[in-house]
Each structure stands twice: as structure tokens, then as C-alpha cells.
Amino acid sequence: MNPAFKQFVEMLHPSLERLMQMAPLRMAVLPTKLPEKCIYLFSEGQDHLYVGRTRRLRQRLRQHSIEAAQHNQAVFAFKLAREATGRLTATCSAAGSRLALCAEPVFAEAFQKAKARVRNMDLRFVEEADPTRQALLEIYASVVLRTKYNDFDTH
């Protein structure tokens with residue numbers, strides 16, 4: 001293995017352990033001081049659902065969960081709403097677009113419920129300022145924790 005890449009790989013598990021050792025928080029009671037650049041984990045009990053990464057944690061958490069968040073901001077909640085409504089397959093047509101789904105009353109209600117669900121999930125995070133280590137850690141945590149709602153497919 002390339003020595004430079006090996007250094008990145010060797011830090012993954014210790015960082016994941018720090019993430020999992022953190023006592024879970026709820027968004028309603030976040031501490032005043034939060035790391036900016038980090039990965040974060042949404043869980044319900046021991047069911048780890050989604051890992052994300054960000055350069056601005058507080059803002060990103062808000063985007064995941066506020067009522068006014070759009071489909072391109074609250075992507076995890078959008079996936080939950082897709083699952084709840086059985087609209088699992090993305091399409092390239094205007095009729096099946098994200099905007100069209102959000103205009104449908106049944107889907108819009110499911111999306112709002114999903115954002116509320118995210119607001120009430122357990123939250124953990126671990127600081128990681130380096131963007132390359134952050135990307136690798138997001139993937140590593142998703143694979144190890146088997147987060148159901150992460151995918152690394154391209155658009």
C-alpha cells in the first residue's frame with residue numbers, strides 16, 4: 001500500500017472509536033461550542049442510519065431537519081420520505097423529479113415527518129478537519145456501521 005494512503009487508513013478506526021464513544025445528543029440540546037469540520041452520525045438507539053460530513057456542523061444539522069429545508073438540503077430526510085411513500089426510484093423526468101415529489105401532498109407530508117424524525121434522532125460527531133481524511137472516515141464509518149441510508153453512488 002502507498003505509504004501516504006496508509007497513514008490515512010491507519011487513522012480511520014481510532015476516529016470511529018472516538019465517534020462511537022461519544023454519548024449521543026439530541027439536536028434540541030446541542031452544546032454551544034461544536035466542532036465545525038467533522039463527520040456526524042444519526043442513529044435511533046443501536047440502529048445507525050446515516051453518516052455525513054460537513055465543514056459547518058451546526059448549519060448542516062439545521063439543514064437536515066428544519067421544516068423549511070428543501071430536498072437538496074435535507075437529503076437524509078428525503079430518503080426517509082421516499083421509503084415511507086414507496087417512491088424509492090429516482091427519475092430524470094420532470095414528473096418524477098424531487099421538486100415534483102415535494103409538490104405532492106402525500107410526499108410533502110412524509111418529508112415533513114421525516115425531518116421531524118431526524119430532529120429527534122441520536123446524534124454523534126467527531127472532529128476531522130482534513131477533507132481527505134473526512135471523506136475516508138465517512139465511508140469507513142458507513143461501511144463498518146452498515147448505515148442503511150448512505151450510498152456513494154454518483155448523480
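Each distinct pair of alpha carbons in segment 69-145 adds a 1/r term; the inverse of their mean, the Kirkwood radius, is 14.2 Å. Between 0 and 90 degrees, the angle of helix 105-119 with respect to the longest Cα principal axis of the chain falls at about 30 degrees.
Quick one: with all protein chains in place, what share of the accessible area of segment 92-140 is carbon or sulfur, to the nearest percent (1.4 Å probe)? The C+S portion of the solvent-accessible surface of segment 92-140 is 61 percent.
Of the heavy-atom accessible surface of segment 31-77 (probe 1.4 angstrom), what whole percent is carbon and sulfur? Carbon and sulfur atoms account for 43 percent of the accessible area of segment 31-77. Among the trypsin sites (Lys or Arg not before Pro) in segment 38-72, those located in a DSSP loop and surrounded by at most 14 other Cβ atoms within 10 Å of their own Cβ are Arg55, Arg56. Converting phi to 3J(HN,Hα) with the Karplus coefficients 6.51, -1.76 and 1.60 and the offset θ = phi - 60°, segment 62-69 yields 4, 4, 5, 9, 6, 4, 7, 4 Hz in sequence order, with x at every glycine or proline. Lysine pairs in the chain whose alpha-carbon atoms fall under 19 angstrom of each other, counting only those eight or more residues apart or on distinct chains, come to 5. The residues of segment 1-114 have, on average, 59 Å² of accessible surface per residue, using a 1.4 Å probe with all protein chains present. Charges were assigned to the Cβ only: +1 to each Lys and Arg, -1 to each Asp and Glu. The resulting dipole of the chain about its Cα centre is roughly 340 debye. Only protein heavy atoms count here; on that basis, with a 1.4 Å probe, Thr32 has an accessible area of about 130 Å².
The values are calculated or read from the model by the stated rules, or taken from the named source; none is laboratory data. Given the structure is predicted, the values throughout are model-derived calculations rather than measurements. Positions of Cβ are generated from backbone atoms using ideal geometry, with glycine treated the same way; all protein chains shown enter the neighbour counts. Only protein heavy atoms, including side chains, enter the accessible area calculation; ligands, DNA and RNA are left aside. Shrake-Rupley method; radii C 1.70, N 1.55, O 1.52, S 1.80 Å.
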